[in-house]
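Working notes, structure below.
Readers should treat all values here as calculations from the given coordinates under stated rules, not as data from a laboratory. Bear in mind the structure is a predicted one, so any value in this text is a computation, not a measurement. Here the Cβ positions follow ideal geometry from the backbone for every residue, glycine too, while neighbour counts run over all protein chains shown.
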Amino acid sequence: MNTEKDFSPLTPNIVRALNDKLYEKRKVAALEIEKLVREFVAQNNSTQIRHVIQILASEFALSQHPHSRKGGLIGLAACSIALGKESGLYLKELIEPVLTCFNDSDSRLRYYACEALYNIVKVARGAVLPHFNVLFDGLSKLAADPDPNVKSGSELLDRLLKVRFQYKPCRDISWKFNVSLDCKSLMDSSRS
């Protein structure tokens, strides 16, 4: 990670802490990111919000360095928490780097990815519905993970997703279901 690079609006202290090997320091950085993003939400500054998410995704979560990836994951989850109900506007940018980390060779990183996605989904609630296919695909890979912690994390995420999709009204899905039933009854009646 190039520490001389400009990561603004992230401060040098946040960048340093996101890259730290200690979870506690990365957690402190995440709290600072949460505070920063809350300020941008209050200012209705979507450009800066997207910029922070882009930095966390490309420079951290998708980095070659494992501690940077862990910092990126906790930072993306912190963004989602700060965004609250507004997180639905940024879900694609928040989810994609996390799902990429599901394929990491480091089991701890896969676990942190589960944890980050859990927090993102928990905050976004029903807004995750349009992303169901990619979430299901990513989760199905982790269901067979050899690491028990990753498997446990994926099971928690699975339960949360089931709750989110169970209580979200799905007018489009019911409409498609009714159309397919009508087509089926038409085909059945044409055979008689």
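Here is the list for region 1-45: trypsin sites (Lys or Arg not before Pro) lying in DSSP coil, each with at most 16 other C-beta atoms within 10 angstrom of its C-beta, are LYS5, LYS21.
Using equal-weight Cα scatterers in the Debye expression, the normalised intensity of region 1-81 in log10 at q = 0.11, 0.13, 0.19 Å⁻¹ is -0.23, -0.32, -0.69.
Gap in Å between the Cα centre of region 103-122 and the Cα centre of region 9-65? That distance is 17 Å. Each 5 Å bin from zero holds the following percent of Cα-Cα pairs in region 12-191: 1, 9, 16, 18, 17, 13, 9, 5, 4, 3, 2, 1, 1, 0, 0.
Close amide H contacts of ASN45 (hydrogens built in the peptide plane, cut-off under 5 Å, sequence separation of 5 or more or a different chain): none are found.
Karplus-based coupling profile of region 95-102, in residue order and whole Hz: 7, 4, x, 5, 4, 4, 6, 4, with θ = phi - 60° in 6.51 cos²θ - 1.76 cosθ + 1.60 and x standing for Gly or Pro. The local environment of VAL134, defined by Cβ-Cβ distances under 15 Å, has a net charge of -1 under the rule Lys, Arg +1 and Asp, Glu -1.
If you add up the charges near LEU18, with Lys and Arg at +1 and Asp and Glu at -1, over every other residue whose beta carbon is less than 14 angstrom from its beta carbon, what do you get? That works out to +3.
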